[in-house]
Each structure stands twice: as structure tokens, then as C-alpha cells.
Amino acid sequence: MRQFTEDTLTDEVVARLEDVKDPRFKQLMTSLIQNLHAFAKDVELTEEEWFEAIKFLTAVGQKCDGKRQEFILLSDVLGLSMMTVAINHKTEPGATEATVLGPFYAHGAREFGYGGDLREGATLKGEDVWVSGRVMSVDGTPIPGAMLDIWQAKADGIYDLQTDGEFELRGRVKANEKGEYAFKSYKPKFYSIPIDGPVGDLVRATGNHHMRPAHMHAIVSAPGYQQVITHVFVEGDPYLDGDAVFAVKDSLIAKYERLADADAKKLGLPAGSLRLDFDFRLSADKAGAKQARQKIAASDAVA
Ligand SMILES: [Fe+2]
């Protein structure tokens, strides 16, 4: 057959995948083609609209560089990142829930031991906080030496990767032999996703806001356990109910409390400092864990 109609074209495009050897690739391409064609037919896509979409996707690609990942941002605001997280991370009861990686992860942050100071070298001051807790298995067994890869925005809501500066408020914090971790940092603040690119134009066009509730990011891992990519959100934040990337989970919201002045002094923090206690619980390793690590490896371009 040479000539196709609106009714026969989809089947013909799919039929040409007949010899594809990798069954998963074949399944992905088949469904993608069918759903894209169904979308075009559903909305009766005009040529002008499709060309606008091509221009938009081109702009998204052109906005990406070694530090900026506009495609992850696009996936985030479309809810596709959280949909993928939901499909792939059916959290075992009691385990820390996963949420989006976001576009600001970077490999190679400095390693800190118990009590390390992630504020070192910070260009902006914030509210001092002592962050501590335990890393445990789902049944409460401490996980000695677990690693917490932590990153957060500066006090102005901008990530270090969005500037020309050095790494800031980032660190790989190693839990001690009892599975306890602690570090000094600043309390995170809510911030705007980057809106100076095509994704910002899209968010404005939809009339949605572009704010994310305050959070610190964490990737928690240990040999024999499934890595979890997650956030810890700030209780009481005004944007918890409208996160621009749909990443909030109730179990990840935690309270920042005032540290007693005497305790702050002992920890080398000024009076009025805060404390955050948050425990992470990891599921035992299984086949799915490898997949999660591969996802991180795929984000190397962001670093
Ligand atoms: Fe973030």
C-alpha cells in the first residue's frame, strides 16, 4: 500500500515496526505513535499549531546546556515526572516516599561526616538549622554508613547551578555507625522554577503559578537497600497545596522547630537557630533499585 488516509495511516506506521528486535522498544514506539496520532486526530491539529509545537520543543532543547535542563523542567510541569515516579515507586509501607529529582541535581558534591557544615562557602546567609535523623530499614534497623546526597536552593531561592558560582548548600553526608546523620544548613525557602525560558512561557500561557514550596532534596542510598530520591518539605509553607511540579507528599512534610539556645551553642550555632528531625527508611534492595540508579546516571548531563 502506498497511499494512506486518516483512518489507515496509524496502522501502517506501526506495521513498519514489525522487525524491531527489542520487544520493549517496539512496545514503547507502538504506543507512542498510536497516542500521538490519536492526539492529533482528537484536537484536529492544524499545521500552524504543530509548527508552533516544533518551535517550542526546539527552544526547550536550545535552552539546555551543562547546567540548565529545560526538558526535565518541562517533564516536571507537565506532571510526567511525578507520573513516572508514581508508576515506578510503589512505596513499601513504612518506607520513605519518592518524589521528583528536579533539574538541579549535580554529581560530585563534597562529602561530609556527622555534623558537617553545608553552609561553608555560602554566598548568602539564611536561617541556621541543625538537620538530623536516622537512616533505617523499614523495620527500624539502623543502616550504618548510609549516604545522603543533599541539595537545596540558596536563601534567594536560586540554585548554585543557576549561577556561575561554586557548589553551594550541597553535600554528600555520611551517616555514622549507628545510622545517624546530622549537618548544618539553612532553612529552605519557597522559590520559583526557572521561568526565563520556554517552560516559563508555557506556565504563563496556562495561567498556572510557577512556585515550589520550600524543600531540601535528598537522595538516600546504602548497599543492600533501594535508593530513594526525595524531598523534605517545610510544614506551613504557603505553596504546599499548589506545587508547580506536583511533587508534595504528606509524609515528606516536616516541622522546623526552634533549637534551645544552650543546644545551639553546643552545636556551634547562633541563638535562635532551628532544628529539623527527619528519619529516612529504605526498602531492601531488589531488581527495581538498579533502575533508579540508572536514572541518576542518565542525569549526568546536568552536572
Ligand atoms: Fe528544588
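The values are calculated or read from the model by the stated rules, or taken from the named source; none is laboratory data. Treat the numbers as computed from the prediction; the structure is a model and nothing was measured. All Cβ positions, even for glycine, are placed from backbone atoms using ideal geometry, and neighbour counts span all protein chains on display. Just so you know, the surface numbers come from the protein's heavy atoms only, side chains and all, with ligands and any DNA or RNA stripped out. Shrake-Rupley method; radii C 1.70, N 1.55, O 1.52, S 1.80 Å.
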Going 7 Å from the Cα of VAL138 toward and past its Cβ, which residues in the range 78-105 have a backbone nitrogen under 14 Å from where you end up? 89-98
In nm, what is the difference between 0.36 nm times the number of residues separating GLU49 and SER31 and their Cα-Cα distance? 4.2 nm
Ignoring ligands and nucleic acids, PHE246 exposes an accessible area, probe 1.4 Å, in Å² to the nearest 10, of 120
Given a Förster distance of 30 Å, the FRET efficiency implied by the Cβ-Cβ spacing of GLU127 and ALA284, rounded to the nearest 0.05, works out to 0.25
Under 5 Å between amide hydrogens, which residues at least 5 positions from LYS154 or on another chain qualify, with H placed 1.01 Å from N in the peptide plane? TYR159, ASP160
Between PHE71 and LYS249, what length comes free when the chain is fully extended (0.36 nm per residue of separation minus the Cα-Cα distance, one decimal in nm)? 61.8 nm
Net dipole in debye of the range 1-119 [+1 Lys, Arg Cβ; -1 Asp, Glu Cβ; about Cα centre; nearest 20]: 620
How much accessible area per residue does the chain have, counting only protein heavy atoms and a probe of 1.4 Å, in square angstrom? 54
Using only the Cα atoms, what convex hull volume per residue in Å³ does the range 67-154 have? 146
Calculated [θ] (222 nm, deg cm²/dmol) that DSSP helices of n ≥ 4 give over the chain, each run adding -39,500 (n - 2.57): -9000 deg cm²/dmol
In the range 19-89, the trypsin sites (Lys or Arg not before Pro) that sit in a DSSP loop and have at most 12 other Cβ atoms within 10 Å of their own Cβ are LYS21
As an exercise, find the ratio Rg/Rh for the range 117-240 from alpha-carbon atoms, using the Kirkwood inverse-distance average for Rh. 1.03
Name the residue, out of GLN34, GLN162, GLN226, whose mean-square fluctuation peaks in a Gaussian network model built on the chain with Cα pairs under 10 Å. GLN34
Checking the range 99-196 for GluC sites (Glu not before Pro) in a loop per DSSP with at most 15 other beta-carbon atoms within 10 Å yields GLU120, GLU127, GLU166, GLU177
Can you list the HN-Hα couplings for the range 88-100, worked out from phi with the Karplus curve (6.51, -1.76, 1.60; θ = phi - 60°), rounded to whole Hz and with x for Gly and Pro? 8, 10, 7, 5, 5, x, x, 8, 5, 6, 8, 8, 5
Per-pair calculated FRET efficiency, R0 = 25 Å: ASP196 and PHE167 via Cβ, rounded to 0.05: 0.70
Once you sort the root eigenvalues of the Cα gyration tensor of the chain as a ≥ b ≥ c, which label holds: rounded (a/c under 1.5), prolate (a/b larger than b/c) or oblate (the other case)? prolate
How large is ³J(HN,Hα) for each residue in the range 190-198, as worked out from phi by the Karplus curve 6.51 cos²θ - 1.76 cosθ + 1.60 (θ = phi - 60°), to whole Hz, x for Gly and Pro? 5, 8, 8, 5, x, 10, 8, x, x
Computed ³J(HN,Hα) along the range 153-160: with the Karplus parameters 6.51/-1.76/1.60, θ = phi - 60°, integer Hz and x for glycine or proline, the list is 6, 6, 4, 8, x, 10, 7, 3
How many percent of the accessible area of the range 27-122 is carbon or sulfur, using a 1.4 Å probe? 59
Extension gain, LYS41 back to GLU6 (0.36 nm per residue minus Cα-Cα distance, nm): 11.8 nm
